1. Any residue that is surrounded by 11 or more Cβ atoms within 10 Å (Cβ to Cβ) and at pLDDT 85 or above - is there at least one of those in region 57-64?
2. Select from region 98-144 the residues that are closer than 30 Å to LYS73 by Cβ and in a helix (DSSP H, G or I) and list them in ascending order.
3. Step by step: first the residues of region 85-96, then only those that are exposed (fewer than 13 other Cβ atoms within 10 Å of the Cβ) and in a loop (DSSP other than H, G, I, E, B), then the one that is nearest to the chain's Cα centre (by Cα). Which residue is that?
4. In the set ALA8, ALA19, ALA23, which member is touching a strand residue (DSSP E or B) at 6+ places or on another chain (Cβ under 6 Å), at pLDDT 65 or above, surrounded by 13 or more Cβ atoms within 10 Å (Cβ to Cβ) and within 30 Å of ASP141 (Cα to Cα)?
Amino acid sequence: MQKAAKEAIFDNNSDNNIAVAVAGTWQKRGYTSHNGVVTVTGVDTGKLYNGDERCVQNIFKRSLTFQNACYTKYLGDGDSKAFDAITEENIYGDEFQVEKLECIGHVMKRMGSRLRRLKEKMKGQLLSDGKRISENNRLTDSQIDKIQNYYA
């Protein structure tokens, strides 16, 4: 892991401010698990730096000590409290603020699922122009796919 961090710093023109993607998973779904794992991967290099919000906090805290790197850009899935915990803790002080990057894949997924939910909810109802939402050249599944891919 230290080798990966050193290579990332070298690839970043000796700048130790690195953008990372953070992902975690739990043994069981539904907030019932006591076992989880988290990984921190370089956004630009794809190198793994480390493998619950406390885990992410600990990884960010020791990044300077063990890897001589500041993880200044955070790419996460948006459904965890980890980023909030990192910013609240102000791990790197006022000198470096951690910036949250939005994952296009998650935006795309949310957009598609919400449009499909709207289409299902409006099924059979007439719009103000007298047509249904899912008629030809309207909000069809293929149109939703096109909208999703446009934002990807």
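1. No, that holds for no residue.
2. Applying the first criterion (closer than 30 Å to LYS73 by Cβ) to region 98-144 yields 98-115.
Those that are closer than 30 Å to LYS73 by Cβ and in a helix (DSSP H, G or I): ILE104, GLY105, HIS106, VAL107, MET108, LYS109, ARG110, MET111, GLY112, SER113, ARG114, LEU115.
3. ASN90
4. Every option except ALA23 fails the conditions.
The values are calculated or read from the model by the stated rules, or taken from the named source; none is laboratory data. Not measured: the values here are computed from a predicted model. Here Cβ is always computed from backbone atoms with ideal geometry, including for glycine, and neighbour counts include all displayed protein chains.
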